[in-house]
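The values are calculated or read from the model by the stated rules, or taken from the named source; none is laboratory data. Fair warning: this is a prediction, and the values are worked out from it, not measured in the lab. Cβ atoms come from the backbone with ideal geometry, glycine included; neighbour counts cover every protein chain shown. Protein only, heavy atoms only, side chains kept; ligands, DNA and RNA dropped before computing areas. Shrake-Rupley method; radii C 1.70, N 1.55, O 1.52, S 1.80 Å.
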Amino acid sequence: MGLNESDQLLLDAAYEQAKKSFDEGGIPIGAAIADASGAIVAAGHNMREQSGDTTAHGEISAMRNAGRRRDWHECTMATTLSPCVMCTGAALLHQIPRIIIGERETFQGAEDRLLEAGVELIHAHDQRCVDLMKRFIELHPEVWNEDIGIPPAE
């Protein structure tokens, strides 16, 4: 099952953010948020490497860029990678009802918690997202392991 046109545009915006982060030397994870009409209201990318802020994940950056809103419960978020537990928590706090996941092959986050809360998950199985993440992990395994909480080997 493919994405509808507005969902594909939202995922494309998230992917562009992931590429931007990669080009900046950061972790290539991007996110974008659309309102109920499908208009993209914010996008962001992982800024952990660029800023030194361990909470600056792609989804969090997109939410920060969206600012204060009263319509979170009507929004859709696209993210290039399955959301970690922190980003899952932020999506649940904001009551975002739909999340498009670009890929979950390289990392599967807390999708079970999203599903338990009734969030609609759309798995895009986007090969661009897989390829970009695999390239980053191959080039920077220590940075990736730090980001997902794997301690360094002794």
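Brief remarks on what is shown
- Residues of the stretch 43-54 that are surrounded by fewer than 24 Cβ atoms within 10 Å (Cβ to Cβ) and touching a Lys or Arg at 6+ places or on another chain (Cβ under 8 Å): Thr54 alone.
- Filter pass, His94 being more than 16 Å from Phe136 (Cβ to Cβ), free of Cβ contacts under 8 Å to residues at least 40 places away in the same chain and not hydrophobic (A, V, I, L, M, F, W, C): yes
- Restricting the stretch 28-67 to residues that are more than 11 Å from the chain's Cα centre (by Cα) and among the charged types (D, E, K, R), the residue that is nearest to Ser82 (Cα to Cα): Arg48
- Residue list for the stretch 61-82, restricted to those being surrounded by 14 or more Cβ atoms within 10 Å (Cβ to Cβ) and out of contact with any Asp or Glu (no Cβ under 9 Å at 6 or more places or on another chain): Ser61, Ala62, Met63, Arg64, Asn65, Ala66, Trp72
- Within the stretch 52-71, residues that are closer than 17 Å to Asp35 by Cα reach partners that are exposed (fewer than 13 other Cβ atoms within 10 Å of the Cβ) and not charged (D, E, K, R) with beta carbons closer than 7 Å, at six or more positions or on different chains, in the pairs Asp71/Ala36.
- Qualifying residue in the stretch 63-71 (condition: farther than 16 Å from Leu10 by Cβ and of a type in the set (S, T, N, Q)): no
- Residue list for the stretch 1-42, restricted to those being assigned to a loop (DSSP other than H, G, I, E, B), surrounded by 14 or more Cβ atoms within 10 Å (Cβ to Cβ) and free of Cβ contacts under 8 Å to residues at least 60 places away in the same chain: Glu24, Gly26, Asp35
- Unique match (being of a type in the set (Asp, Glu), open to solvent by 20 Å² or more (accessible area, probe 1.4 Å) and within 21 Å of Asp12 (Cα to Cα)) among Glu105, Glu142: Glu105
- Filter result for Ala78 (hydrophobic (A, V, I, L, M, F, W, C), modelled with pLDDT of 95 or more, under 22 Å from Ile148 (Cα atoms) and out of contact with any Leu (no Cβ under 6 Å at 6 or more places or on another chain)): no
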